[in-house]
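The values are calculated or read from the model by the stated rules, or taken from the named source; none is laboratory data. The model shown is predicted, which means the values in this text are computed figures rather than measured ones. Neighbour counts are summed over all protein chains in view; Cβ atoms, including those assigned to glycine, are modelled from backbone coordinates with ideal geometry. Ligands, DNA and RNA are stripped out before the accessible areas are found, and what is left, the full protein with its side chains, is counted by its heavy atoms. Shrake-Rupley method; radii C 1.70, N 1.55, O 1.52, S 1.80 Å.
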Amino acid sequence: MKVNTALAFAGLKVNAEGILGTTDRATTIPDAERRAREMREDLARRGVHPDVLSFCRSELLVDDYFHAVLEATKSVGDKIRSRTGLMDDGSALVDRALSGDPPMLAINSLQNENEKSEQRGFANLVRGLFGMFRNPAAHAPRVYWAMEREDAEDLLSMVSLVHRRLDKATMPRRA
């Protein structure tokens, strides 16, 4: 973090892999220090789930939003696998764990059509996270897939919501 604060004056930063890259040039010490701590403070204020942060802490320390987002979305699959014992990934994992009648993990009691619709929507949200953020980040070159700080914060908040819902999910009795 201190290295990136100093490098910010030259318009440079070191990413999680130790590679030097460019950033907007800081003009004052307070500006450089502010930028070095802003995202962490924003995420703390948003109450981002600790499991999200544990997966992308090192990327956040060097302001590597691209890889922070990739690691955060991977944390969702990891949690689903640890809760269910499944070994699948991506949509197959979501389909097996969060779909079905009943699903392996239910985010509510599934007692009426509204709750069943909420469950289907949650499964779609998780599929969407994988499809929109994890898959492109895992397969597209970083230079073609920009991730700004504000977008990363929003995504990490969304992943945090998914983690909280998965933490409270139950495993309904299956026939």
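Once you reduce region 109-125 and region 65-90 to the center of their Cα atoms, the two points are 21 Å from each other.
Packing around the peptides 44-53, 97-106, taken as the average count of other Cβ atoms within 10 Å per residue, puts them in this order, highest first: 97-106, 44-53. Phi angles across region 93-101 convert, under the Karplus curve 6.51 cos²θ - 1.76 cosθ + 1.60 with θ = phi - 60°, into 3J(HN,Hα) values of 5, 4, 4, 6, 8, 10, 10, x, 9 Hz, Gly and Pro given as x.
Can you send over the carbon and sulfur percentage of the accessible area for region 35-175, probe radius 1.4 Å, protein chains only? Mind dumping the intermediate values first?
Values: 3730 of 7290 Å².
Accessible surface attributable to carbon and sulfur in region 35-175 totals 51 percent.
Database remark: amide H of GLY100 closer than 5 angstrom to no amide H (H placed geometrically; neighbours at sequence offset of 5 or more, or on other chains; Pro and chain starts carry no H). For ILE80, neighbours were defined as the other residues whose beta-carbon sits under 10 Å from its Cβ, and their charges (Lys and Arg +1, Asp and Glu -1) total +1.
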